[in-house]
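Read-outs throughout are calculated quantities, based only on the coordinates presented, and are distinct from any laboratory measurement. Because the structure is a prediction, the values reported are computed rather than measured. As a convention, Cβ positions derive from the backbone with ideal geometry for all residues, glycine included, and neighbour counts pool all protein chains shown.
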Amino acid sequence: THHSRTSNWRVIESFTCGKSDSCNEYSPSSNDAPSPSIFHSNNRSSRNEDAIVITPHFAVVLDGVTDKSSASSHNSSLSSASQSSSCDTSCDLQNKNNAANNTADTSQHREKKKEKSKQSSNEQGNEGKESPGRFASRILSEAFCDASIVQPNMTFREVLDVLTDVLDDGIRRKQQQNNDDSIPFLKLQSKRPAVGAVVAYSASRRELWRLGDGSYRIDDTHLSLGHKAIDELTAHVRSVRLEMALLSGEFSLTDENDLETTQPKKDIGRDCILPLLQNQHVFCNVAVEESNDDNEEEEIGEKALKRKYGYGCLNGTYIPDQYLEIIPIPLNAREIVMASDGYPCVENTLEKSEKVLQQLLKEDPLCFRTNKSTKGIMNGNSSFDDRSYLRIALNIDNTKNSCQT
């Protein structure tokens, strides 16, 4: 199969690693990665819920939400279909050609989405169990790879609506066939598998899109680190609880540079905020009217809480426009970096971002002081969260680049 690049951009660096994976010697993929492609972790036993998707029309970082319920499937093994570092089975290169002939027929479009989610769910049904966050990121990654589902010229609004339908179809199908409790809390509509963050570059529209708390930088002129107010609140509460535990002698930091001696057997701070984490979905995708009150900070009640802590995520329900970020890319921009929130600081290279992360983890392995988070490094893990980094170059001479498979 021969194909030429349809857009004048290329991948410089792409790297993803699960928090429980050993990534001390990371090996970023770069330049001519297969397109379309999905990247999880090279570790076949990985529970990484992040994913990177690269197609001729999109460059995407997805961050799957970690399950907070007691019904989690994290101890289950993953099927080989969802573990591959380059899952091309669902990303046939023929999709690029299909896009040119694709029509906007709504009924055909919906049927294709349903068939895609059916195929994806069936692939996982009898081969093993996966976490809800991994389930969501896989379903959406495969949709991005199919140009007849996520079409090249779609707006961000249109893409999110399509992905919402795809995920909803996948969840409902999983509910119908899932008698082995491989993702048991799918039955709880308030706690749906979700992708909490999407950062994507649309080559056709020359726009950067963000939903949730992913981060991005454009050259060295614009950096935006993602955040969620509800996460900042719970991270602060956890930090205070751990400081109180230190003061009361519940545990001690005997050597702040030694994770083995600083990591308590149980995260007291995490236990403190767990009820908040398990119920923060009440703020997900809530529509809130603009406030006309000059004293917005003094507002109280349900509307004020929703306005302050509301956030958007892909979980199969409608996402209000207020959570969509669309950033036009300047014509003279040279590079874009997209990253999940596993990178507290996003530098202009992967190596620099990794160095900052490792220094933060060394200084604050519990992640409650210099890098406040809702969780620290758990025993046996290499970091506090899954992490993904994708760096692309713009305005290249596409006549010099072609792919052969």
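You can think of it this way: the chain between residue 356 and residue 161 has 66.6 nm of extra reach, that is 0.36 nm per residue less the Cα-Cα gap. Each label point was placed 7 Å from the Cα along the Cα-to-Cβ direction; for residue 222 and residue 363 their separation is 2.9 nm. Computed over neighbours whose Cβ is under 13 Å from that of residue 220, the net charge equals +1, Lys and Arg +1, Asp and Glu -1. The trypsin sites (Lys or Arg not before Pro) of segment 283-380 that DSSP puts in a loop, and whose beta carbon has at most 15 other beta carbons within 10 Å, are 334, 369.
So if the hydrodynamic radius of segment 291-381 is defined as the Kirkwood radius over C-alpha pairs, what does Stokes-Einstein give as its diffusion coefficient at 25 °C and 0.890 mPa s, in µm² per second? This corresponds to a translational diffusion coefficient of 142 µm²/s.
Give me the extension gain from residue 250 to residue 175: residue separation times 0.36 nm, minus the current Cα-Cα distance, reported in nm with one decimal.
The span from residue 250 to residue 175 would gain 22.7 nm if fully extended.
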